[in-house]
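The structure's right below; bear with me while I get my questions together.
The values are calculated or read from the model by the stated rules, or taken from the named source; none is laboratory data. Bear in mind the structure is a predicted one, so any value in this text is a computation, not a measurement. Here the Cβ positions follow ideal geometry from the backbone for every residue, glycine too, while neighbour counts run over all protein chains shown.
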């Protein structure tokens, strides 16, 4: 199963990125597939939006280095803009016009409504088409994303574009809770100045401390019925350097399953299996273990 992680490479990775990357990496590793890092640089090149103080190529280099330090090394690192010719051909087939270079507003598509009847911007259809082309080019079978409505709004359009362009079943999509700090109403993001992996590494956190603490926070959040993965105040903080210790039952369950294929998938299933939803296509490992391990 080839999985992909597709960040926008204009700032360093934060915990929300790592949570999504970890799911994709584990599923690829457990099935002997590829873990593809696709730099979603096309929007920022069109906008000339390299607003983090260093160029896109440097941001990609730093992102990949963070993943390697966490033990989540990609097997391929590619740029979406490398597929510009194939993307242009797909756009012509679909009757789409690429957005202009006049700023972020040109990338906005239609508004959709959330369950709370709040308007939400959906990505420009051309942006969705570029993702379809990239996934086909790099033989991606599935991907896990954060459970956000603006991402879910793409699902039907993505599947329709894929079938229209290539036929067959599109890659499977699954969604995991977004990462949020306990005292903040919004998810970890570049926009709100989230703590980066480089910040945590500089503060002395090991890869195991970062990943295991995220897993434990996910298990606790799920048990409490929370929609998000909530990190308690002071945990994975650069000032306090505090992690959440594994509960005895969770740690014992992991030890009992050591060495088996289930052990490769169980931590993911325990942490997020109740909240991941199979949205479209086929993602059998997620569906089987997400249900079977709980």
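For segment 45-57, indicate whether the set of residues that are closer than 30 Å to residue 29 by Cβ, at pLDDT 90 or above and surrounded by 15 or more Cβ atoms within 10 Å (Cβ to Cβ) is non-empty.
no
Right, something else. Taking interchain pairs and intrachain pairs at least six residues apart, which have beta carbon atoms under 6 angstrom, with the first residue in segment 178-198 and in a strand (DSSP E or B) and the second modelled with pLDDT under 85?
Close Cβ pairs satisfying both conditions: 179/188; 180/187.
Of everything in segment 221-238, what is within 22 Å of the chain's Cα centre (by Cα) and modelled with pLDDT of 85 or more? Give them in sequence order. Even if it seems obvious, please write down each step before you answer.
Of the residues in segment 221-238, the ones within 22 Å of the chain's Cα centre (by Cα) are 221-222, 225-232, 235-237.
Those that are within 22 Å of the chain's Cα centre (by Cα) and modelled with pLDDT of 85 or more: 221, 222, 225, 226, 227, 228, 229, 230, 231, 232, 235, 236.
Can you name every residue in segment 201-219 that is buried (at least 18 other Cβ atoms within 10 Å of the Cβ) and either touching a strand residue (DSSP E or B) at 6+ places or on another chain (Cβ under 9 Å) or over 18 Å from residue 72 (Cα atoms) (or both)?
213, 214, 216, 217, 218, 219
Mind listing just one residue for me: the one in segment 179-195 that is in contact with a strand residue (DSSP E or B) (Cβ under 8 Å, 6 or more places away or on another chain) and surrounded by fewer than 21 Cβ atoms within 10 Å (Cβ to Cβ) and, of those, farthest from residue 59 (Cα to Cα)?
Kept after step one, since they are in contact with a strand residue (DSSP E or B) (Cβ under 8 Å, 6 or more places away or on another chain), are these residues of segment 179-195: 179-182, 186-190, 194-195.
Remaining after also requiring surrounded by fewer than 21 Cβ atoms within 10 Å (Cβ to Cβ): 182, 186, 189-190, 195.
On the way: 182: 28, 186: 24, 189: 16, 190: 13, 195: 16 Å.
In this case the residue turns out to be 182.
Please specify each residue of segment 58-70 satisfying the condition of being in contact with a strand residue (DSSP E or B) (Cβ under 7 Å, 6 or more places away or on another chain) and modelled with pLDDT under 95.
Within segment 58-70, 60 is the sole residue that qualifies.
Could you say whether any residue in segment 123-138 is assigned to a loop (DSSP other than H, G, I, E, B), modelled with pLDDT of 95 or more and surrounded by 13 or more Cβ atoms within 10 Å (Cβ to Cβ)?
Yes, segment 123-138 contains a residue that is assigned to a loop (DSSP other than H, G, I, E, B), modelled with pLDDT of 95 or more and surrounded by 13 or more Cβ atoms within 10 Å (Cβ to Cβ).
For (1) part of a loop (DSSP other than H, G, I, E, B); (2) modelled with pLDDT under 90, each residue gets a yes or a no:
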{"residue": "200", "(1), (2)": "no, no"}
{"residue": "205", "(1), (2)": "yes, no"}
{"residue": "218", "(1), (2)": "no, no"}
{"residue": "240", "(1), (2)": "yes, yes"}
{"residue": "246", "(1), (2)": "yes, yes"}
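How many residues are surrounded by 14 or more Cβ atoms within 10 Å (Cβ to Cβ) and under 25 Å from residue 228 (Cβ atoms) when one looks only at segment 149-170? Quick ask: steps written out before the conclusion?
So the first thing to find is which residues in segment 149-170 are surrounded by 14 or more Cβ atoms within 10 Å (Cβ to Cβ), and the list is 149, 151-155, 157-162, 165-166, 170.
Checking the rest, the ones that are also under 25 Å from residue 228 (Cβ atoms) come to 149, 151-155, 158.
Matching residues across segment 149-170 total 7.
For segment 186-194, state whether one or more residues are under 30 Å from residue 128 (Cβ atoms) and at pLDDT 90 or above.
Step one: list which residues in segment 186-194 are under 30 Å from residue 128 (Cβ atoms), which gives 186-194.
Narrowing the set further to residues that are at pLDDT 90 or above leaves none.
No: zero hits.
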